[in-house]
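Structure, as structure tokens:
Throughout, read-outs are computed from the coordinates displayed, never taken from laboratory work. Just so you know, these numbers come straight off a predicted model, no measurement behind them. Here the Cβ is made from the backbone with ideal geometry for all residues, glycine too, and neighbour counts use every protein chain on show.
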Amino acid sequence: MINIIADKEIKKWKCIYKECGALCCEYPPLVTIGSIKRISDALGIKPEEFVHTSEDKPGLFRLKTRKKDGKCYFSNDDYSCKLHKIDKHPLVCRLLPFKFDGLVYGDEIILKLKAMQECPGYGKGDDFNDAVKEDIEKWASRFVKELTNYVQLKQKGLSFNEIYSKNWCEIE
Ligand code: SF4
Ligand code: SF4
């Protein structure tokens, strides 16, 4: 069971990335193994071309997209996203305007989401209604599941390649 806590109530919202210069794409996002597989299969590129791995703190196994020209590897010069166009953008990028703000493990997993403070899209576009919220909850749950699976396998000592070569049931 996953509980989601967001720090902002939103009435209307639209991602107007050209106005903010794609602020959300300045920092490469976390990617799950599922997202990596979907991207790799769709674009025909190997994970090492676009994934940055770091294990800079014990037990913290981060997978992010690489940085290119000061922003996410998949950000275009016109601020659009190469992956959005083919519906393969990472799970965390489907949570906008919220950013991933951590997981708290207990009887239930709590996923913390933090709204982009500087986003110019609040009050614009369509209602941030139940359907939009349900969509975010769906991607958030999947993100937590894929991330947790990866961390558990890493903690068992498996390498990235060993985990990547597993037959992941969640992968399209
Ligand atoms: S994958 Fe796309 S939407 Fe996500 S940070 Fe990179 S460029 Fe932006
Ligand atoms: S969510 Fe907001 S801040 Fe992020 S890219 Fe879209 S408009 Fe910009």
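Note on Lys71: aspartates and glutamates with a C-alpha under 12 Å away, same-chain residues under 8 apart excluded, are Glu26. Just to be sure I understand the curve: with the Debye formula and one point per C-alpha of the chain, what is log10 I(q)/I(0) at q = 0.09, 0.15 Å⁻¹? Relative scattering, expressed as log10 I(q)/I(0), comes to -0.31, -0.90. Distance between the modelled labels on Lys124 and Asp107, one decimal in nanometres: 4.4 nm (7 Å Cα→Cβ projection).
Taking only the Cα atoms of region 69-148, the ratio Rg/Rh comes out at 0.99, with Rh defined as the Kirkwood radius. Helix 33-43 and the long axis of the chain differ in direction by around 80°, with both axes built from C-alpha atoms. Structure note, pairs Lys46/Lys114; Lys88/Lys154; Lys82/Lys114: Cα-Cα distances above 27 angstrom occur for Lys46/Lys114.
Here the Gaussian network model covers the chain, with springs between Cα atoms less than 10 Å apart; of Ala131, Ala115, Ala140, Ala131 fluctuates the most. Positive contributions from Lys and Arg (+1) and negative ones from Asp and Glu (-1), summed over other residues with Cβ under 14 Å from the Cβ of Asn129, come out at -3. Against the main long axis of the alpha-carbon atoms of the chain, helix 130-155 sits at an angle near 20°.
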